[in-house]
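**Q** Handing you this structure, nothing more for now.
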Amino acid sequence: MRLYGLIGYPLSHSFSKRYFTEKFEREGLKDYQYELFPVSSIEELPQLLEKHPELCGLNVTIPYKEQVLSYLHSKNELVKAIRACNCIDIRDGKLKGYNTDVIGFERSLLEQWQPHHKKALILGTGGVSKAVQYIMQKMGLAYRYVSRKPGVHNYSYEQLTPAIMQEYTLIVNTTPLGMYPNVTEAPPIPYEALTPRHYLFDMVYNPEKTLFLKMGEEKGAAIKNGADMLKIQADESWEIWNK
């Protein structure tokens, strides 16, 4: 048995097990299994590994993409650069960290990105936001983080004026706000300032259309959820695990 899985908390929203289970069935991989491991603290990781010595790889989601770094024996260059890991390859008891969010986000974002989307607001400052920042820099786009409190390099939600919203036409939600089962939540941005020139990208993929995306769509903005990104980064994880 070759076991793979996902660690995070909570995991009730995740489609990862279904995605990999269907993949294994399609490819006739009868001895392969993918499970969800909702751990309430990253400190539970060593116990999980001890309990399941057959683990060959793990995906990492909210809120552990940064916290997991101290448990890795080695990291690839991308993880070293952005300080966030969402994929772990396990060989001979050693954990090597990778980041597949970066390529997943880039490929998915570009499907609807337009040249006038020159400035971006990144909602949230967690592990996945580091992948977004990396791609913003790669594409040469200006960006600012948005969080609860203002800072030197970020706005607070209260600071988002209509003028700022007109200037920043790409808005990426990296927070879990709106994720199932809390579907009535949305990042507190001034949605009335959105226009058809805006592009709203939500890392959340369950539900398919969050309140964040619905309110953007009502203003004519381009919208995209994280479903394609999930599939791309999952396939990249599979490539890593089968090198």
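The values are calculated or read from the model by the stated rules, or taken from the named source; none is laboratory data. Bear in mind the structure is a predicted one, so any value in this text is a computation, not a measurement. Here the Cβ is made from the backbone with ideal geometry for all residues, glycine too, and neighbour counts use every protein chain on show.
**Q** Please work out which residue is nearest to Met229 (Cα to Cα), limiting yourself to region 102-118 and to residues that are surrounded by fewer than 17 Cβ atoms within 10 Å (Cβ to Cβ) and touching a residue at least 12 places away in the same chain (Cβ under 8 Å).
**A** Checked region 102-118; the qualifying residue nearest to Met229 (Cα to Cα) is Arg107.
**Q** For the condition assigned by TED's automatic domain parsing to the domain that holds Asn173, out of contact with any Leu (no Cβ under 7 Å at 6 or more places or on another chain) and closer than 22 Å to Thr175 by Cα, what is the one hit in Leu69, Leu123, Leu78?
**A** None of the other options fit; the residue is Leu123.
**Q** Enumerate the pairs (first residue in region 27-50 and aromatic (Phe, Trp, Tyr); second residue anywhere and at pLDDT 95 or above and not in a helix (DSSP H, G or I)) with beta-carbon separation below 7 Å, excluding pairs fewer than 6 apart on the same chain, so at least 6 apart or on different chains.
**A** What qualifies is Tyr32/Arg2; Tyr34/Tyr4; Tyr34/Gly5; Phe37/Gly5; Phe37/Leu6; Phe37/Ile7.
**Q** Next question. For region 51-65, what are the residues that are in contact (Cβ under 8 Å) with a residue 60 or more places away in the chain, out of contact with any Leu (no Cβ under 9 Å at 6 or more places or on another chain) and either of a type in the set (S, T, N, Q) or more than 12 Å from Tyr98 (Cα to Cα) (or both)?
**A** Residues satisfying the conditions are Ile62, Pro63.
**Q** When both residues are 6+ apart or on different chains and their Cβ atoms are under 8 Å apart, which pairs have a first residue that lies in region 214-243 and is touching a residue at least 24 places away in the same chain (Cβ under 8 Å), and a second that is of a type in the set (Lys, Arg) and part of a helix (DSSP H, G or I)?
**A** As it stands, the answer is Asp228/Arg107; Met229/Arg107; Ile232/Arg107; Trp238/Lys23, since those pairs meet every condition given.
**Q** Same structure again: Test Tyr71 against the criterion of being in contact with a strand residue (DSSP E or B) (Cβ under 7 Å, 6 or more places away or on another chain) and either modelled with pLDDT of 95 or more or within 24 Å of Tyr199 (Cα to Cα) (or both), and give yes or no.
**A** Spelling it out, Tyr71 is indeed in contact with a strand residue (DSSP E or B) (Cβ under 7 Å, 6 or more places away or on another chain) and either modelled with pLDDT of 95 or more or within 24 Å of Tyr199 (Cα to Cα) (or both).
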